[in-house]
Amino acid sequence: MASMRDIKRRRESVASTGQITKAMKLVSTVKLQKAKARAESNKPYFTMLYDTICSVLARTGKIDHRYLKDNGSARKAVLVLTSNRGLAGGYNNNIVKEVAAQFTPEDTDIYALGKKGLEGLSRKGYHIVEDYSEVMNDPLYADAIHIGKNVLASYENGQVGEIYLAYTNFKNTVVQEPKLIKLLPIDVEEIMKDVEIDVLTPMNYEPEADEALDMIIPKYMNNIIYGAFVEAVASENGARMQAMDSATKNAEDMIADLSLKYNRARQGSITQELTEIIAGAEAIS
């Protein structure tokens, strides 16, 4: 049985850890509220842009555009959004598992946005083309434009034939869902399933449909990336808040258990001292 001193030291250590996890939970809660506000403010713009693209594609019919067809390359580019820090439960590991389950290292280029994803996929043998981990500390729309421009250039140059985005979709503080979406080439039939549009209504283009798509699709792609940024940040802080809440509760349970053991050890020590005193008194008498 551990000594009273060992139990006391252990209890103090657990109590100190509990204070840290409680503070981290409060910090994550504040960051989560800010991230949720950013996500809500971005939705109207994204919805309007998404509906516009669907409307253009529906009224144009079959159009031969470079963003809508196969460019001949078999390689795939995947933008992987994770965090730069741990202590977030299974948040980072779930994304790494999702990417590893869908893509093979031999024909996949990874654009890492988050050190944890970079480290996890590097160990599995994936080729890391770019490291944008610092972006996840405070993601901005300008970052989405810069990253979107770079990955779009690799698609236009024929270096990759498909572009995907792997991130964690924020549902609520308890549920965060790993998600993988295809950015390019755009699947017209798939995108049309989400929006109901009166395709019989005529539409005039100024400029032409090709030029309109040249301007709209990159903006659409950048906004999806930015939307994934704010969703990922919200998911990270939600996952960390849950993890720290569980850790705090576990610390409280451990403190209660250690306090019980300490009291038992203390009672045992007192009982032993009394026994020794009584035995000594009887020996003298």
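Tabulated values for the structure
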{"item": "Most positive-pole-ward Cα, Leu180, Val160, Ala209, against dipole of region 28-241 from beta carbon charges", "result": "Leu180"}
{"item": "By average C-beta atoms within 10 angstrom, highest first, the peptides 275-284, 32-41", "result": "32-41, 275-284"}
{"item": "Hits among lysines - C-alpha to C-alpha of Lys261 under 27 Å, sequence gap 8 or more where chains match", "result": "Lys8, Lys22, Lys249"}
{"item": "Total formal charge among the other residues, if their Cβ is under 13 angstrom from that of Gln102, Lys/Arg +1 and Asp/Glu -1", "result": "+2"}
{"item": "Residue with peak Gaussian network fluctuation, the chain [Cα springs, cutoff 10 Å], from Met24, Met215, Met244", "result": "Met215"}
{"item": "Long-range amide H partners of Leu184 with built H, under 5 Å", "result": "Ile163"}
{"item": "Debye, to nearest 20: dipole size of region 1-155, +1 on Lys, Arg Cβ, -1 on Asp, Glu Cβ", "result": "880"}
{"item": "More than 23 angstrom apart: percent of Cα pairs within the chain", "result": "64"}
{"item": "Euclidean distance between Cα centres, region 13-91 to region 103-157, Å", "result": "14"}
{"item": "Among Gly120, Gly89, Gly72, residue whose mean-square fluctuation peaks in a GNM of the chain (springs only between Cα atoms under 10 Å)", "result": "Gly72"}
{"item": "Normalised alpha carbon radius of gyration of region 206-285 [divisor 2.2 N^0.38 Å]", "result": "2.93"}
{"item": "Exposure proxy order (Cβ contacts within 10 Å, fewest to most) of Arg66, Arg11", "result": "Arg66, Arg11"}
{"item": "Ratio Rg/Rh, restricted to region 203-244 and using Cα atoms, in which Rh is the Kirkwood radius", "result": "1.39"}
{"item": "Cα centre as origin, Lys/Arg/Asp/Glu Cβ charges: the chain dipole, Debye", "result": "1500"}
{"item": "Kyte-Doolittle mean at least 0.0 and Cα axial length at least 27 Å: DSSP H helices in the chain", "result": "none"}
{"item": "Listed residues Thr21, Thr248, Thr104, most fluctuating in the chain (Gaussian network, C-alpha, under 10 Å)", "result": "Thr104"}
{"item": "Volume per residue of the C-alpha convex hull in region 44-165, rounded to whole Å³", "result": "129"}
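Computed from the coordinates by the stated procedures, all read-outs in this text should not be read as laboratory data. Bear in mind that the values here come from a model prediction, so they are computed numbers and not experimental data. All Cβ positions, even for glycine, are placed from backbone atoms using ideal geometry, and neighbour counts span all protein chains on display.
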